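Working notes, beginning with the structure itself.
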Amino acid sequence: MPFLHNPLFYCYVLALIKPKKLTTQLLLMHFFLPILIYLLLMPLFLASTSYKMDLIRRGVVFVTLSRLLITFMALSTAAYAYLIQKELNTYKTGLKQALSAHDRQQLAWINIIFYTLIGAWLIVLLTEVEIYIFGALSCLVILIGYFGIKKVGVFTNREHPEEDQAPALVPQKDKKKYSNSGLNSLGIQALQQQLLELMAQEKPFLNPELTLSELAAQLHTHPNYLSQVLNDELRANFYDYINALRVEEFKRLVALPENQKYTLLALAHQSGFNSKASFNRNFKKVTQESPSLFLKKQAIAMV
């Protein structure tokens, strides 16, 4: 059974972030090892109780078999830890290329399972004390149960919140791929100017759920062309670019006397941020200081 944990978790992660990647061929490939082990051990499973007890009493064969399985388990855990982390890193990069706002709930949920699973297996692989092994696996089950029930939509039929759904990401383009782009230098400059004018006049970044595809549609261009302009000309991914504009909008709003009656969070929402955490994180990234410290300096400067 333990050999099913890693491929099941890997497929679960893919189902959350890349559902189209889950093919029958991929499933067969990842479940080949557990199926093979079951088939090889089937004669032992079907053997009589007396034969199994005799095998344990003889010790050498049983211990060798156990150590072999544990070794394969360790290799499997290490391999899947690498694969899962690689998929998550790619997903995080893709989020910033395609979305202007995203909650970290889904990634946090995956990380909770990932690290507790790795921690539990490290205890299993490094100790032979059963109380520690069963204690670690019990903690894993409790953590998954607690955070799973707490997270809406994981163990229920209710729809996931919009920010928890895995978005369809536009593939990230590097400069080598951009070299084959159908957009020439004049087209790049024209699109850049069109983008800057749209941001200044219509301020689409005020939409907290703005995506790269939606902005590209407003500019009547392909998302890859827009991504090219952002990355090569403006030196920013979509996420950072849009949130930098939101920070500047907040700074403009907070300086207006008529807005003194509003809270910082209210002005942050008016600027396009969808949460306090997102606002604080991006404000500090752009200005290198917290919103409260920024306002304090502004107040001192005015005096």
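When the pairs Lys251/Lys296; Lys251/Lys284; Lys21/Lys86; Lys251/Lys276; Lys251/Lys297; Lys92/Lys276 are compared against a 18 Å limit on Cα-Cα distance, Lys92/Lys276 fall above it. In terms of accessible area, using a 1.4 Å probe and ignoring ligands and nucleic acids, Thr23, Thr263, Thr77 rank largest first as Thr263, Thr23, Thr77.
Summing Lys and Arg as +1 and Asp and Glu as -1 over all other residues whose Cβ lies under 15 Å from the Cβ of Thr287 gives a net charge of +4.
The values are calculated or read from the model by the stated rules, or taken from the named source; none is laboratory data. This one's a predicted model, so the numbers in the text were calculated from it and none came from an experiment. Here the Cβ is made from the backbone with ideal geometry for all residues, glycine too, and neighbour counts use every protein chain on show. We work out accessible area using only protein heavy atoms, side chains counted, and drop any ligands, DNA or RNA first. Shrake-Rupley method; radii C 1.70, N 1.55, O 1.52, S 1.80 Å.
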